[in-house]
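The values are calculated or read from the model by the stated rules, or taken from the named source; none is laboratory data. Here the structure is a predicted model, which means the values were calculated and not measured. Every residue, glycine as well, gets a Cβ built from its backbone with ideal geometry; the counts of neighbours run over all protein chains shown. Surface accessibility is based on the protein's heavy atoms, side chains included, excluding ligands, DNA and RNA. Shrake-Rupley method; radii C 1.70, N 1.55, O 1.52, S 1.80 Å.
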Amino acid sequence: MFSLAGKKALVAGVANDQSIAWGCASALHAQGAELAITYLNEKAEPHVRPLAERLDAPIIAPLDVGDDAQLDTLFAQIEERWGTLDVLIHAIAFCAKEDLHGRVIDCSRDGFALAMDISVHSFLRMISKAEPLMPDGGTCMTVTFYGSEKVVEHYNIMGPVKAALESVTRYAAAELGPKGISVHALSPGPLATRAASGIGHFDELMARNAERAPTGQLATIDDVGAYAAFLASAEAGNITGAVHPIDGGYHITG
Ligand code: NAD
């Protein structure tokens, strides 16, 4: 079995113990990685800090990716404490409700820019901050959804947003491959998380996925975590640039 012993990983996007980021953080920790875990703001901190402490994370810090100063402070803290970084996990998305619930063609200009900034450009900002801390290579991952390539009812503007996220993943992978830094997009099937609760008729989406997935099962955050832990390992170093479905095979039948 691969090991992540000695690896340093930054995981952004834990809101609670149902978060995909929590599944990833737990799996990375189980394989021996040391963690930096972020929380969105003061309101989120009491939910995230105890989880991060459970994984003995030496760095627990605020991060609103809309705030450049916080990003600078976080990476300065990582550099000071660890010197280098091996793994970056970005499990963050945001879209204002009125834009998420409307038709794609009606999405507001500001809402489009905000969703793209928090859900896509923030990944680039984090990768570019991580790059100098990965002199011997590393792994960067984000989290996408199948609504990027197929029209999934009620996923609305997040479909095009995830399409952009997958595209930046490919370009970043091409640019950073020569430095030994791999870039991936994990693509789980629908999971009952807080972010997902903002999507209309999400229960129906989950039921359809479970029914049509060849395994007959929805993905879990542990499935995503196990996959992320493998991608973070040295053994996965020659894999990059892909969108990885973790969905019980729904993408071949859905
Ligand atoms: P979640 O609500 O647990 O996580 C979303 C995270 O985004 C939260 O921790 C939230 O604090 C963070 N976030 C939002 N705005 C932020 C900002 N400005 N700065 C920093 N963090 C911010 O839900 P989740 O489902 O675990 O979402 C994680 C990722 O997985 C998202 O990109 C989501 O689109 C993606 N995803 C979710 C599903 C699903 O069905 N739940 C499926 C595929 C992909």
The chain, dipole about Cα centre (Lys/Arg Cβ +1, Asp/Glu Cβ -1), debye to the nearest 20 = 320
remark   = Across the alpha-carbon set of the chain, Rg over Rh with Rh taken as the Kirkwood radius works out to 0.94
query = Can you run phi through the Karplus equation (6.51, -1.76, 1.60; θ = phi - 60°) for region 193-201 and list ³J(HN,Hα) in whole Hz, with x for Gly and Pro?
reply = 10, 5, 4, 5, 5, x, 8, x, 6
message = Below 8 Å between Cα atoms, with a sequence gap of 6+, how large is the relative contact order for region 8-244 in percent?
response = 22
query = With every protein chain in place, what's the accessible area of residue 17 (1.4 Å probe, Å², nearest 10)?
reply = 90
note = With only helices counted (DSSP H, runs n ≥ 4, each -39500 (n - 2.57)), the per-residue ellipticity at 222 nm for the chain, to the nearest 500, works out to -12000 deg cm²/dmol
key: Antiparallel DSSP beta bridges within region 8-244, percent to nearest 5   = 0
message = Tell me the angle of helix 20-30 to the major Cα principal axis of the chain, expressed in degrees between 0 and 90 and rounded to the nearest ten.
response = 30
task = Using amide H atoms built 1.01 Å from N in the peptide plane, name the residues 5+ places from residue 152, or on other chains, whose amide H lies under 5 Å from its own.
result = none
inquiry  = Just to confirm the number: angle between the C-alpha axis of helix 158-176 and the first principal axis of the chain, 0 to 90 degrees, nearest 10?
reply    = 30
request  = Provide 73, 240 ordered by accessible surface of protein heavy atoms (probe 1.4 Å), highest first.
outcome  = 73, 240
ask   = Cα centroid distance between region 1-72 and region 83-121, in Å?
value = 20
0 to 90° range, to nearest 10: angle between helix 68-82 axis and the chain longest Cα axis = 40
5 angstrom amide H check on residue 242, placed H, neighbours 5+ away = 185
message = Give me, ordered by chain and number, the residues 5 or more places off residue 39 or on other chains with an amide H under 5 Å from its own placed amide H.
response = 61, 63
remark   = Output for region 1-59: chymotrypsin sites (Phe, Trp or Tyr not before Pro) sitting in coil per DSSP, at most 16 other Cβ within 10 Å, listed by number, reads 2
query = For region 60-158, which whole-number percentage of the solvent-accessible area (1.4 Å probe, protein heavy atoms only) is attributable to carbon and sulfur atoms?
reply = 51
remark   = Phi angles of region 100-109, converted by Karplus (6.51 cos²θ - 1.76 cosθ + 1.60, θ = phi - 60°) into ³J(HN,Hα) in whole Hz with x for Gly and Pro, give 5, 8, x, 5, 4, 5, 9, 4, 6, 4
inquiry  = Using all alpha carbons of region 1-59, what is the percent of pairwise distances in each 10 Å bin, ordered from the shortest bin to the longest?
reply    = 26, 56, 16, 2
